[in-house]
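Report on one structure; see the data block that follows.
The values are calculated or read from the model by the stated rules, or taken from the named source; none is laboratory data. The structure presented is a predicted model; accordingly, all values stated were derived computationally and were not measured. We place every Cβ from the backbone using ideal geometry, glycine too, and count neighbours over all the protein chains shown. To get the accessible areas, we keep the full protein, side chains included, count just its heavy atoms, and leave off ligands, DNA and RNA. Shrake-Rupley method; radii C 1.70, N 1.55, O 1.52, S 1.80 Å.
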Amino acid sequence: MEAVAELKERIDEHAQTAFALNYQIAGDPELSGEEYRACAAYVKICRDRGWPVEENFTNQPTAFRARVRRVKAPVIKAAVLAEYDALPDVGHGCGHSANGAMSLLAALGLSELKDLPVDIDLIGTPDEELRGGKAMMCKQGVFKEYDLALMIHISPDKTEPNEHFLALSCYRIIFHGQAAHGAYDPWHGRNALNAANACHTRYGYAASACA
């Protein structure tokens with residue numbers, strides 16, 4: 001509970017930084033892949049904090065990675081993801097300006113916890129609405145070095161952690177059957193449903209989770 005109280009205190013200290021960033025980006029919306037001013041605002045805040053920053057991260061001109069915190073013997077390596085693109089003709093109606101600002105706020109608060117055995121990076125993930133900056137990062141293996149990656153998304157009426165898919169590897173499996181005449185040569189037939197049922201029976205919980 002002491003760590004929770006300390007984190008809340010740090011969050012309160014940095015709240016105005018997050019509010020200001022949110023209002024700045026919300027008032028100056030940039031479309032997917034064109035978030036140059038938003039990215040520059042994040043990079044400035046990070047460098048003002050003394051965090052080393054990689055710009056043009058994963059060859060995306062509006063992506064960045066900031067090394068927020070390093071400890072001597074980390075138990076966990078965590079990535080906090082911030083998004084900041086807007087929608088055409090809508091602006092930040094989806095709230096990405098706030099989502100990213102809250103991720104920054106989380107990184108600011110977590111970076112100052114004295115006894116947290118975690119390395120933390122803040123990763124700016126642009127182009128969420130069009131091509132998916134996170135998907136490009138996944139293809140380049142960025143997240144293989146992390147034990148945990150998290151982001152924050154606003155809700156109109158509640159706050160809750162969503163960890164339903166932590167440590168879950170999901171597969172899409174297609175079963176192919178073989179047609180055969182039921183009277184003439186049924187022994188040549190293969191029922192794809194039987195194969196799916198056998199797989200479900202064999203792997204049980206995991207198969208049902210991915211169904």
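Observations
- Contour minus Cα-Cα distance for Asp12 and Leu193 (0.36 nm per residue): 59.6 nm
- Cβ-Cβ distance of Phe19 and Glu145, R₀ of 22 Å, FRET efficiency by 1/(1 + (r/R0)^6): the value works out to about 0.10.
- Residue with peak Gaussian network fluctuation, the chain [Cα springs, cutoff 10 Å], from Ile152, Ile76, Ile120: Ile76
- Stretched out straight at 0.36 nm per residue, the stretch from Tyr36 to Glu55 would grow longer than its current Cα-Cα span by 5.7 nm.
- Solvent-accessible surface (1.4 angstrom probe) belonging to Met151, in square angstrom, nearest 10: 80
- Taking Tyr23, Tyr36, Tyr84 and ordering them by how much accessible surface each has at a 1.4 Å probe, largest first, produces Tyr23, Tyr36, Tyr84.
- Gaussian network model of the chain, Cα within-10 Å springs - most flexible of Arg67, Arg37, Arg49: Arg49
- Given a 1.4 Å probe and the protein chains as shown, Thr201 ends up with an accessible area of around 110 Å².
- Among the listed pairs Lys44/Lys77; Lys114/Lys139; Lys8/Lys77; Lys77/Lys134, a Cα-Cα separation exceeding 26 Å is found for Lys114/Lys139.
- Coupling constants for segment 61-74 follow from the phi torsions by the Karplus curve (6.51 cos²θ - 1.76 cosθ + 1.60, θ = phi - 60°), and in residue order they are x, 10, 10, 8, 9, 10, 7, 6, 8, 9, 10, 5, 9, x Hz; glycine and proline get x.
- Cα gyration tensor category, rounded, prolate or oblate, for segment 1-150 with a/c compared to 1.5: oblate
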